[in-house]
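Enquirer: One structure coming up, written as structure tokens, with questions to follow.
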Amino acid sequence: MFGRPRAGGDRDGAARTPRIAVSPGAIPCRWGTLARVPRLSRKLWIFLPTFLITFVIDKATKIVIVDRFAYGERLTVIDGFFNLTHVRNPGGAFSFLATMSDGIRQGFFLGTGSLAVGLLLYFLAKVEPEERLAPLAIGGILGGALGNLTDRLYYGEVIDFLDFRLIGGYVWPTFNMADCWIVVGVAVLMIQMFFEGEPDPAPNESPSPGRELGA
């Protein structure tokens, strides 16, 4: 009543099973394929760890200072040269605008800080994907900028704790790790711009056949 199955029927059936094309970067699984996993460029592999490391170090050191030091307390590390302390700076670098009213000062620094973060991200987007030095510098600058910006949001002022005494009794303004990242990052960008060669000129257009023949 029932005919015998053809020899090789299983193989024919398997051959007729449609195959699902897997795009590069997709992850195959039992139910199909997952979405393609985005691949980070070299500049992001450099920028992201640099930003996270500098930001975390800045915030961690400030947390330790606030926890261990009373306001104005000083610990001598190298006598006559370097101290750890706990001070607050309501202004900018070198106490810029420190005496201005709180509302205007906070609005100014929060606005300029947010603008700086936006500009840094814009510059990062313009950097070539395989660039190394510029993403490193931008990551450090952004980590420092956000470190000080979050201080202003939480405390209303920036925590400083690195206190250096220079020759002749001159006292350098107290600063923090965020300031270090910003200064080093800006210096790296300036050095790169100074030593970066001029871009190669566009190749001249090849002469037309008529010119080659002297026409």
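Enquirer: Step by step: first the residues of segment 80-92, then only those that are at pLDDT below 90 and either basic (Lys, Arg) or out of contact with any Asp or Glu (no Cβ under 8 Å at 6 or more places or on another chain) (or both), then the one that is farthest from ASN148 (Cα to Cα). Which residue is that?
Expert: The selected residue is GLY80.
Enquirer: What single numbered condition from (1) charged (D, E, K, R); (2) over 28 Å from HIS86 (Cβ atoms); (3) modelled with pLDDT under 85 fails to hold for GLU131?
Expert: All conditions pass for GLU131, except number (3).
Enquirer: For segment 118-160, how many residues meet the condition of being of a type in the set (Val, Ile, Thr) and more than 10 Å from the chain's Cα centre (by Cα)?
Expert: Qualifying residue count for the region: 4.
Enquirer: Then there is this: How many residues does segment 175-208 contain that are of a type in the set (Phe, Trp, Tyr) and either touching a helix residue (DSSP H, G or I) at 6+ places or on another chain (Cβ under 8 Å) or modelled with pLDDT of 95 or more (or both)?
Expert: Taking segment 175-208 and keeping what is of a type in the set (Phe, Trp, Tyr), we get 175, 181, 194-195.
This time we only want the ones that are either touching a helix residue (DSSP H, G or I) at 6+ places or on another chain (Cβ under 8 Å) or modelled with pLDDT of 95 or more (or both), so: 181.
Residues in segment 175-208 being of a type in the set (Phe, Trp, Tyr) and either touching a helix residue (DSSP H, G or I) at 6+ places or on another chain (Cβ under 8 Å) or modelled with pLDDT of 95 or more (or both): 1 in total.
Enquirer: Here is a follow-up. Quick check on my filter: what residues within segment 26-53 are of a type in the set (S, T, N, Q) and at pLDDT below 55?
Expert: Matches in segment 26-53: THR33 only.
Enquirer: List every residue pair whose Cβ atoms sit under 8 Å apart, with the two residues 6 or more apart in sequence or on different chains, where the first one lies in segment 154-178 and is within 12 Å of PHE81 (Cβ to Cβ) and the second, anywhere, is among the aliphatic types (A, V, I, L, M) and modelled with pLDDT under 90.
Expert: From segment 154-178, the pairs are ASP163/VAL171; PHE164/VAL171; ARG165/VAL171; TRP172/LEU166.
Enquirer: I've got another one for you. I'd like to know if segment 99-109 contains one or more residues that are modelled with pLDDT under 95 and closer than 20 Å to VAL183 by Cβ.
Expert: The answer is yes; a qualifying residue exists.
Enquirer: Name the residue, out of VAL66, VAL56, that is modelled with pLDDT of 70 or more, within 15 Å of LEU162 (Cα to Cα) and assigned to a helix (DSSP H, G or I). I'd like the intermediate steps shown before the answer.
Expert: Numbers: VAL56 fails: within 15 Å of LEU162 (Cα to Cα).
Answer to the selection: VAL66.
Enquirer: Let me ask something additional. Could you identify the single residue in SER95, SER23 that is at pLDDT below 75 and within 22 Å of VAL171 (Cα to Cα)?
Expert: It is SER95.
Enquirer: For PHE69, state whether it is surrounded by 14 or more Cβ atoms within 10 Å (Cβ to Cβ) and either in contact with a His (Cβ under 9 Å, 6 or more places away or on another chain) or in contact (Cβ under 8 Å) with a residue 12 or more places away in the chain (or both).
Expert: When the stated conditions are applied, PHE69 passes them.
Enquirer: On to the next question. Condition check: under 20 Å from GLY185 (Cα atoms), buried (at least 16 other Cβ atoms within 10 Å of the Cβ) and either hydrophobic (A, V, I, L, M, F, W, C) or modelled with pLDDT of 90 or more (or both). Does THR150 satisfy that?
Expert: Details: under 20 Å from GLY185 (Cα atoms): yes; buried (at least 16 other Cβ atoms within 10 Å of the Cβ): yes; either hydrophobic (A, V, I, L, M, F, W, C) or modelled with pLDDT of 90 or more (or both): yes.
For THR150, the condition - under 20 Å from GLY185 (Cα atoms), buried (at least 16 other Cβ atoms within 10 Å of the Cβ) and either hydrophobic (A, V, I, L, M, F, W, C) or modelled with pLDDT of 90 or more (or both) - is met.
The values are calculated or read from the model by the stated rules, or taken from the named source; none is laboratory data. Everything numeric here is computed off the predicted structure, so don't read it as measured data. Positions of Cβ are backbone-derived with ideal geometry, glycine not excepted, and every protein chain shown enters the neighbour counts.
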